[in-house]
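The structure under discussion appears below in the form of structure tokens.
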Amino acid sequence: MTAITDLIVSELIEPGSLSDPIALYRDVFALRPEDPAPSPRLLTALAHNGSIALGARINGELVGFSYGFPGLDLDGGGHISSIYHYMELLVVRADRRSSGIGRSLMHFLRNISLTRGLRTIQWAYDPLRAANAYFYLDVLGARGCGFAPNLYGIEDSGRDRGHPTDRIIARWELTKPAQHWPQPPSGLTPGSPELDPHGAPGTMLLAIPTVYEDQCGRDCVALRRRICAVLSDLMASGFQAVSCRKAGDGTTVYRLVTGAPT
């Protein structure tokens, strides 16, 4: 990764600063002109009422964007038990990925959240986007703590049109350092969970394609369904996703463990 020294990350609050982020969002997700997207008015209202919108610029040009809002954990009686920041969106321009922009946005967001007294950031991500999973779990140190099947309904716009929106719910404990997990073994069959022969008892491994669209061919839909079903079952049984690293054979492998983070 080559660091970018002239990167500036800042909060976006005024309406005039919120048009470029929406254009970037539409480009990254390959939206058509008629497809819905957040509006400057919505983002302005959020920013003025406890939410956080961030932009990353290089020489004045927007290359990254994130926004989110306060989230509530509710107990069985519907009362607030804790408050966290829920990150709804993180995007980096395609030609600027793997250069530290996403990390800079996330750590800027972390600092703001800690200043506000929050200790956790949560978000939802597509489990088949292996590069995103690696960044969230291995680089930042978040954990996949839950699984939400078809969270937003069948996607009707953008690059994933027609797919169910199955999502892993990631939780980043902001005061805990990222943990290093070993490179997974090769030779695992995508979609078939296996016990890790070298890990702690009960550690599960699950291989997925490193680049989903390029490697699963005609079986994309069936493979996606199988992987998501396995993840859903494992997380319902108490497993958490802690790593998603490349193996030597071109696959990427989730590592799932039981128990709270140490």
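The values are calculated or read from the model by the stated rules, or taken from the named source; none is laboratory data. Computed from a predicted model, the values in this text were never measured in an experiment. With ideal geometry, Cβ positions are generated from the backbone for all residues, glycine too; neighbour counts draw on all protein chains shown.
Any residue at all in the stretch 135-149 that is in contact with a His (Cβ under 9 Å, 6 or more places away or on another chain), buried (at least 16 other Cβ atoms within 10 Å of the Cβ), modelled with pLDDT of 95 or more and assigned to a helix (DSSP H, G or I)? Yes, some residue in the stretch 135-149 is in contact with a His (Cβ under 9 Å, 6 or more places away or on another chain), buried (at least 16 other Cβ atoms within 10 Å of the Cβ), modelled with pLDDT of 95 or more and assigned to a helix (DSSP H, G or I). The sole residue among 243, 232, 186 that is modelled with pLDDT of 95 or more, more than 25 Å from residue 162 (Cβ to Cβ) and polar (S, T, N, Q) is 243. Selection over the stretch 20-52 of residues that are assigned to a helix (DSSP H, G or I) and of a type in the set (Lys, Arg) gives a count of 2.
Just one of the listed residues (237, 243, 186) is under 25 Å from residue 148 (Cα atoms), among the polar types (S, T, N, Q) and surrounded by fewer than 16 Cβ atoms within 10 Å (Cβ to Cβ), and it is 237.
For first residues located in the stretch 26-51 and within 17 Å of residue 64 (Cβ to Cβ), partners that are loosely packed, with under 11 Cβ neighbours inside 10 Å and of a type in the set (Ser, Thr, Tyr) and lie 6+ apart or on another chain with Cβ distances below 7 Å do not occur.
Whether any residue in the stretch 231-244 is at negative phi, assigned to a loop (DSSP other than H, G, I, E, B) and touching a Cys at 6+ places or on another chain (Cβ under 7 Å) is what I want to check. Walk me through how you get there before you give the answer.
Let us first name the residues in the stretch 231-244 that are at negative phi, namely 231-237, 239-244.
Among the residues that remain, those that are also assigned to a loop (DSSP other than H, G, I, E, B) are: 237.
From what's left, touching a Cys at 6+ places or on another chain (Cβ under 7 Å): none.
Scanning the stretch 231-244 turns up no residue that is at negative phi, assigned to a loop (DSSP other than H, G, I, E, B) and touching a Cys at 6+ places or on another chain (Cβ under 7 Å).
Going through the stretch 84-108 one residue at a time, which ones are out of contact with any strand residue (DSSP E or B) (no Cβ under 6 Å at 6 or more places or on another chain) and either assigned to a loop (DSSP other than H, G, I, E, B) or at pLDDT 95 or above (or both)? First the steps, then the outcome.
First pass over the stretch 84-108, keeping only residues out of contact with any strand residue (DSSP E or B) (no Cβ under 6 Å at 6 or more places or on another chain): 94-95, 97-100, 103, 106-107.
Selection gives 97, 98, 99, 100, 103, 106, 107.
Identify all residues within the stretch 190-206 that are part of a loop (DSSP other than H, G, I, E, B), touching a residue at least 40 places away in the same chain (Cβ under 8 Å) and not acidic (Asp, Glu); write none if there are none. Correct list: 190, 193, 199, 200, 202, 203.
Give the stretch 147-164 a look and list any residue that's within 16 Å of the chain's Cα centre (by Cα) and in contact (Cβ under 8 Å) with a residue 24 or more places away in the chain, or say none. Before you say what the answer is, go through the steps one by one.
Within the stretch 147-164, the subset within 16 Å of the chain's Cα centre (by Cα) is 147-152, 160.
Across the stretch 147-164, the qualifying residues are 147, 148, 149, 151, 160.
Once the stretch 93-123 is narrowed to residues that are under 17 Å from residue 70 (Cβ atoms), without any contact (Cβ under 8 Å) to a residue 40 or more places away in the chain and not polar (S, T, N, Q), the residue that is surrounded by the fewest Cβ atoms within 10 Å (Cβ to Cβ) is 117.
A residue that is surrounded by 18 or more Cβ atoms within 10 Å (Cβ to Cβ), at negative phi, in a loop (DSSP other than H, G, I, E, B) and not basic (Lys, Arg) occurs somewhere in the stretch 5-19. Scan the stretch 163-178 for residues that are touching a helix residue (DSSP H, G or I) at 6+ places or on another chain (Cβ under 9 Å) and in a loop (DSSP other than H, G, I, E, B) and the total you get is 6.
Please enumerate the residues belonging to the stretch 165-189 that are within 30 Å of residue 35 (Cβ to Cβ) and in contact (Cβ under 8 Å) with a residue 40 or more places away in the chain.
Of the stretch 165-189, the ones within 30 Å of residue 35 (Cβ to Cβ) are 165-172.
Within the stretch 165-189, 166, 167, 168, 169, 170, 171, 172 meet the criteria.
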